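Notes for the one structure printed next.
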Amino acid sequence: MGEAERDLDAVVVGAGFSGLYMLHRLRGLGLRAAVLEAGDGVGGTWYWNRYPGARCDSESYYYSYSFDEDLQQEWEWSERYPGQPEILRYLDHVADRFDLRRDIRFGTRVAEAAFDADAGRWRLRTTDGERFTARFFITAVGCLSAANVPDIPGLDSFRGRWFHTGRWPHEGVDFTGLRVGVVGTGSTGIQAIPVIAEQARHLTVFQRTANYSIPARNGPMEAAFQREVKDGYEAIRRTQRASTNGHPFDVSERPALSVSEEERRAVYEAAWERGGLRFRAAFADLLTSKEANDTASEFLRAKIREIVRDPATAEKLVPRDHPFATKRPPIDTDYFETYNRDDVTLVDVRETPIVEITADGLRTTAETHALDRLVFATGFDALTGPLLAMDIRGTGGRTLREKWAEGPRTYLGLQVAGFPNMFTITGPGSPSVLTNMPTSIEQHVDWIADCIAHLRERGLERIEATEEAERAWGEHVEEAAHATLLPLAATSWYLGANVPGKPRVFLPYAGGFAAYARRCAEVAESGYEGFIRTAP
Ligand code: NA7
């Protein structure tokens, strides 16, 4: 990319699922666009998260782009749930197939983006001091990309190596013969623990909050099923777009308590056997009625007690302080079974909190655990973290950090009042993290691209959400959350509760994908209600 090309129509930050498709759409509009990407390759989440067992919780055939019929017909998935290397291969293929790399600047981290109101342009500066200007500034930075490493005293003194799962060394890590500690039992820890246990001499898991988990039942993608999917893609995609969370299956219409206990048990057993996130769809009201949810939560608690042989360990693993699926529910391969191994120990750090990390291990109030390697599966500063990691300044030099001091405010999760021509793909206030991501991403990207096309067709140069529309959307996001049980999980990253000092605001839109997409479409069709559009 030469000097002259630094003045662009649009700059996109991030080359994951979002950034790649955004670039493709912008090019289609004839815009001069570039993607700035901190990593040395495409893939975003799937570039960074290379920890053992890293796998998607959506099934491969629908955790994929739908925008190009040839692409979805030609790509062959090998497993029901795609592992990280396979998803990365897919995104590399997409980058090549649509010749995207020539407009992606790798190894480039954006430090600052400031809106120059007089010029009507965004001015970006990278950590290397490079500068770009563009009319449109589009963040495609992901929701779960700012690693949350707990501030435990003594970490610097640890003589072994430590890792965060979201920043995994590309050369891999060999745990053979070593004593390994894993902190965290969210989706990531639950995927990594069984795989690390296979390798390590001894694994100690430090658990703060016990979690529910459903078996994934992963397996090879059978040729017949692959064929069926490819022949049926049109209907599959239609179902995804009409759904609450972007998966191609319907949620049952029956309330959990509308059937006998015996029938309910049979439904849960079948869902458990089938595996995966679909368990949540077993009844209509698992996320809206506490009584209904209790039946699912109890079923899952009983499964843990059944699988884990040592009763004391089983009791530690039984979740008590949040209803099922109010925190993002993990799916697993042999997670609870792993605690039946002699070389795996579970430490409940609520009972015996972590005091410090020493040169040789980790000390709790009860004992010191000698460790050679330490893995933090401690999650992310979700949704706002990656945006606030950049110094973003809107009209009048006001920073996004100041504006969001009490929690994020957006209109539709797509724009922020006071930050004209800035679009946030999968931003806070959008449903994305509660959905199958690519479904949300395609909807966001298409909406943004259509909005830019609309401005250009009419010779307009600026679009900005109004404070009023933003306030009303914020209230609606809050209302939608409280119509569900999701706010009941006090330690959830949905609420920002996993990061010390982060404002407790329910971050995603819980009103469902289809309702959200409909609202976005209505806003566009109404001539961008809630936005101010200005001519030069
Ligand atoms: P999560 O779901 O945020 O899980 C992080 C885990 O780490 C969770 O068990 C936390 O306990 C634990 N944690 C965090 N900080 C600490 C400290 N200081 N001490 C002990 N334990 C701690 O992140 P994941 O990476 O697993 O998953 C993120 C998303 O990626 C997932 O939802 C999918 O969408 C994919 P807590 O529950 O906060 O008590």
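Against the chain, whose longest principal axis comes from its Cα atoms, helix 261-274 is set at around 70 degrees.
Placing a pseudo-label 7 Å from each Cα along the Cα-to-Cβ vector at VAL149 and GLU478 gives an inter-label distance of 3.6 nm. Annotated for the chain: lysine pairs at least 8 residues apart or interchain, Cα distance under 28 Å, count 11.
Averaging the sequence gap over all C-alpha pairs within less than 8 Å and six or more residues apart, then dividing by the number of residues, gives the chain a relative contact order of 19 percent.
Dipole magnitude for region 233-360: about 660 debye, using +1 per Lys or Arg Cβ and -1 per Asp or Glu Cβ, origin at the Cα centre.
Taking the square roots of 5 times each eigenvalue of the Cα gyration tensor of region 155-376, largest first, gives ellipsoid semi-axes of 35, 22, 15 Å.
Projected onto planes of every orientation and averaged, the convex hull of the alpha-carbon atoms in the chain covers 24.6 nm². Remark: region 155-376 carries a charge dipole of roughly 560 debye about the Cα centre, counting +1 on each Lys and Arg Cβ and -1 on each Asp and Glu Cβ. Here the chain is treated with +1 on each Lys and Arg Cβ and -1 on each Asp and Glu Cβ, and its dipole about the Cα centre works out to around 740 debye. In terms of Cα atoms, the Rg and Dmax of region 294-335 work out to 10.3, 27 Å. Only one residue of SER213, PHE376, LEU346 has its Cα farthest out toward the positive end of the dipole of region 155-376, where Lys and Arg carry +1 and Asp and Glu -1 on Cβ, and that residue is PHE376. Computed from backbone phi, the HN-Hα couplings of region 134-145 come to 7, 5, 10, 10, 10, 8, 10, 8, x, 9, 10, 10 Hz, rounded to whole numbers (Karplus: 6.51 cos²θ - 1.76 cosθ + 1.60, θ = phi - 60°; Gly and Pro given as x). Coupling constants for region 282-287 follow from the phi torsions by the Karplus curve (6.51 cos²θ - 1.76 cosθ + 1.60, θ = phi - 60°), and in residue order they are 4, 9, 5, 10, 5, 9 Hz; glycine and proline get x.
Give me the angle, in degrees from 0 to 90, between the Cα long axis of helix 513-525 and the longest principal axis of the Cα atoms of the chain, rounded to the nearest 10. That works out to roughly 10 degrees. Seen against the Cα atoms of the chain and their longest principal axis, helix 437-457 is set at about 10 degrees. Count Lys and Arg as plus one, Asp and Glu as minus one, and take only other residues whose Cβ is under 10 Å from that of ILE214; the net charge is then +3. In sequence order, region 411-418 has phi-based couplings of 10, 6, x, 10, 9, 10, 4, x Hz under the Karplus curve 6.51 cos²θ - 1.76 cosθ + 1.60, θ = phi - 60°, and Gly or Pro positions carry x. Just the protein heavy atoms count here, and of the accessible area of region 62-143 at 1.4 Å, carbon and sulfur take up 42 percent. With the charge dipole of the chain set up from +1 on Lys and Arg Cβ and -1 on Asp and Glu Cβ about the Cα centre, the Cα lying farthest toward the positive end among the listed residues GLY184, SER157, GLN72 is that of SER157.
Of the peptides 483-496, 63-76, the ranking by mean beta-carbon count within 10 Å, highest at the top, reads 483-496, 63-76.
The values are calculated or read from the model by the stated rules, or taken from the named source; none is laboratory data. Here the structure is a predicted model, which means the values were calculated and not measured. For neighbour counting, all protein chains shown are included, and Cβ atoms are generated from backbone atoms with ideal geometry for every residue, glycine included. We work out accessible area using only protein heavy atoms, side chains counted, and drop any ligands, DNA or RNA first. Shrake-Rupley method; radii C 1.70, N 1.55, O 1.52, S 1.80 Å.
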